[in-house]
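**Student:** I have a structure I would like to understand better, so I am pasting it below and will then ask my questions one at a time.
The values are calculated or read from the model by the stated rules, or taken from the named source; none is laboratory data. In this text, all values refer to a predicted model and were calculated from it rather than measured experimentally. FYI the Cβ positions are ideal-geometry reconstructions off the backbone, even for glycines, and counts take in every protein chain you see.
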Amino acid sequence: MIEKAREFDQETLGKIYDAYSPGLYRYASRLLNDSEIAEECVADTFYRFLGALRVGHGPTDHLQAYLYRIAHNWITDFYRRHSIKLIELSETLESNDHEKPENCISELLQKQKLLNALRTLTPDQRQVIVLRFIEEWSLEEVALTIQKPVGAVKALQHRALSSLRSFYRFEEKVSLDEIR
C-alpha cells in the first residue's frame with residue numbers, strides 16, 4: 001500500500017485516508033478538545049504525509065505509527081504556540097429528555113479535569129496514555145509510534161499513571177479543603 005501511495009495512486013491514497021482519518025481525528029479531538037482544530041490537525045497530518053512522499057521520504061513500513069507521529073508533533077507544536085483553552089459553560093445548557101443540566105455540568109467539569117491532568121504530563125507520557133487507554137493500542141503499537149522500545153513505553157506509562165494519581169489526589173485534597 002505504501003508503494004502505491006508513493007506513486008500517488010489516488011485510490012490507494014483515498015483508502016489510506018479512509019482507514020486512518022477517523023482514528024487520527026478521535027486522537028486529536030481528545031487531546032485538543034476542539035473539533036475544528038482536530039480537523040485541522042488531521043488535514044495537516046495528511047498534507048505533511050503527502051509532502052514527505054512527494055520528496056521521496058515518508059514511511060517504508062508502519063504507516064499508522066508514522067501518521068500518529070505526525071499528528072502528535074502537530075498537537076505538541078499547537079500547544080507550544082497557543083495558550084490553554086478552557087471549556088466555556090454557556091448560560092443556557094441544552095438538554096434532552098435523558099440529560100439533566102446538572103449531569104451536563106458534571107460531565108463538562110470531569111472532562112476539563114481530565115484535560116488538565118493530561119496537560120501535567122510530558123508530551124510522550126500524554127501520548128502513551130491516550131494511545132494505550134483511550135485508543136486501546138498494544139504496547140508494541142505505541143512503541144512503534146513513539147519510536148521507543150517497549151520497555152521505555154512501559155516506563156513512560158508507569159510514570160504517567162503515577163503523575164495522574166498524584167494529580168487526582170491533590171485535586172481531591174484541595175476540594176476537601178475548600179469544603180471545610
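**Student:** Conditions: (1) surrounded by 12 or more Cβ atoms within 10 Å (Cβ to Cβ); (2) modelled with pLDDT of 85 or more; (3) assigned to a helix (DSSP H, G or I). Ile105 meets all but one. Number of the miss?
**Tutor:** Condition not satisfied by Ile105: (2).
**Student:** Still on this structure, please answer the following. Quick one: in the stretch 17-62, of everything that is among the small types (Gly, Ala, Ser) and surrounded by fewer than 16 Cβ atoms within 10 Å (Cβ to Cβ), which residue is farthest from Glu136 (Cα to Cα)? Please lay out each step first, then the result.
**Tutor:** Of the stretch 17-62, the ones among the small types (Gly, Ala, Ser) are 19, 21, 23, 28-29, 35, 38, 43, 51-52, 56, 58.
With surrounded by fewer than 16 Cβ atoms within 10 Å (Cβ to Cβ) added as a condition, the list becomes 19, 35, 43, 51-52, 56.
Working: Ala19: 17, Ser35: 21, Ala43: 23, Gly51: 29, Ala52: 28, Gly56: 32 Å.
Once the filter is applied, the top-ranked residue is Gly56.
**Student:** Here is a list: Tyr68, Tyr47, Tyr20. Which entry is in a helix (DSSP H, G or I), hydroxyl-bearing (Ser, Thr, Tyr) and without any contact (Cβ under 8 Å) to a residue 12 or more places away in the chain? Please lay out each step first, then the result.
**Tutor:** On the way: Tyr68 fails: without any contact (Cβ under 8 Å) to a residue 12 or more places away in the chain; Tyr20 fails: without any contact (Cβ under 8 Å) to a residue 12 or more places away in the chain.
Result of the check over Tyr68, Tyr47, Tyr20: Tyr47.
**Student:** Within 15 Å of the chain's Cα centre (by Cα), in contact (Cβ under 8 Å) with a residue 60 or more places away in the chain and assigned to a helix (DSSP H, G or I), is that true of Leu114? Give the derivation first.
**Tutor:** Working: within 15 Å of the chain's Cα centre (by Cα): yes; in contact (Cβ under 8 Å) with a residue 60 or more places away in the chain: no; assigned to a helix (DSSP H, G or I): yes.
The answer is no for Leu114.
To keep it simple, each residue is scored yes or no on (1) among the charged types (D, E, K, R); (2) surrounded by 12 or more Cβ atoms within 10 Å (Cβ to Cβ); (3) modelled with pLDDT under 90; (4) touching a Pro at 6+ places or on another chain (Cβ under 8 Å).
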{"residue": "Val128", "(1), (2), (3), (4)": "no, yes, no, no"}
{"residue": "Arg132", "(1), (2), (3), (4)": "yes, yes, no, no"}
{"residue": "Trp137", "(1), (2), (3), (4)": "no, yes, no, no"}
{"residue": "Ile146", "(1), (2), (3), (4)": "no, yes, yes, no"}
{"residue": "Arg159", "(1), (2), (3), (4)": "yes, yes, no, no"}
{"residue": "Glu171", "(1), (2), (3), (4)": "yes, yes, yes, no"}
{"residue": "Val174", "(1), (2), (3), (4)": "no, no, yes, no"}
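**Student:** Let me ask something additional. For the stretch 125-138, how many residues are of a type in the set (A, V, I, L, M, F, W, C) and under 16 Å from Tyr66 (Cα atoms)? Before the answer, list the steps.
**Tutor:** Kept after step one, since they are of a type in the set (A, V, I, L, M, F, W, C), are these residues of the stretch 125-138: 128-131, 133-134, 137.
Restricting the remaining residues to those that are under 16 Å from Tyr66 (Cα atoms) gives 128, 131, 137.
Of the residues in the stretch 125-138, 3 are of a type in the set (A, V, I, L, M, F, W, C) and under 16 Å from Tyr66 (Cα atoms).
**Student:** So, Gly14, is that one over 18 Å from Pro123 (Cβ atoms) and within 12 Å of the chain's Cα centre (by Cα) or not?
**Tutor:** Working: over 18 Å from Pro123 (Cβ atoms): yes; within 12 Å of the chain's Cα centre (by Cα): no.
For Gly14, the condition - over 18 Å from Pro123 (Cβ atoms) and within 12 Å of the chain's Cα centre (by Cα) - is not met.
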